[in-house]
1. Modelled with pLDDT under 90 and surrounded by 14 or more Cβ atoms within 10 Å (Cβ to Cβ): is that true of F156 in this structure?
2. State all residues of segment 145-154 that are within 22 Å of R94 (Cα to Cα) and not small (G, A, S); if no residue qualifies, say none.
3. With the condition kept exactly as written, say whether any residue in segment 102-121 is in contact with a Gly (Cβ under 6 Å, 6 or more places away or on another chain) and of a type outside the set (F, W, Y).
Amino acid sequence: MSSASLQPFFVHIFYWTPYWATIVAPYAAIGALILAVIALLFLLSLRRRLLRLALGRGGSIEETISILSRDTKELQAFRIELEKYLKLAELRLRGSLQGIGVVRFNPFSGDGSGGNQSFCIALLDERASGVVLSTLYARDRVGVYAKPVEAGVSTFELTQEEQDAIEKAKKSVAEHKKRPTV
């Protein structure tokens, strides 16, 4: 079959093809080419996104999901351990020294022999429990006394200075609770 024998066939097709189809055909081809290029760019972009999403060696989504699931379980276990540790730390901090109150005084104000060298110091935790220490200073001797404190009171009789030191320590604990943590 020669090209000369096909010529009447093409002429026949051209003759029956509407005029507007011959004008629109190049534009339709250009439009199809543009759509193909856009689809190719979209495909490449999607492929790049999927490769970034894949974490495993094989680059499969299933392996990525498996890795992320394992990491999530590890993080949940770590969070549970951390919460336990923080609760323990909180309990330990409540029993630590948090309030200090100091009062200096002169126990021998009548004869002036002591000056303000005597003092009481209260050392309390968050529950206002601890100890109050008192020293009485004189020229020839120094006396040191310790009294336990539970919930802000002692089983021993407290002097006014010791009570003042305990109140200062309680205020120090209250201020410590108000301070923002870093």
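1. no
2. Once the filter is applied, which keeps residues that are within 22 Å of R94 (Cα to Cα) and not small (G, A, S), segment 145-154 yields K147, P148, V149, E150, V153.
3. Yes, segment 102-121 has at least one match.
Here's the yes/no breakdown for (1) at pLDDT 80 or above; (2) in a helix (DSSP H, G or I); (3) surrounded by 13 or more Cβ atoms within 10 Å (Cβ to Cβ):
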{"site": "A21", "(1), (2), (3)": "no, yes, no"}
{"site": "Y27", "(1), (2), (3)": "yes, yes, no"}
{"site": "R49", "(1), (2), (3)": "yes, yes, no"}
{"site": "E83", "(1), (2), (3)": "yes, yes, no"}
{"site": "P107", "(1), (2), (3)": "no, no, yes"}
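The values are calculated or read from the model by the stated rules, or taken from the named source; none is laboratory data. Computed from a prediction, not measured in an experiment: that's the story for all the values here. Note: ideal-geometry Cβ built from the backbone for every residue, glycine included; neighbour counts use all protein chains shown.
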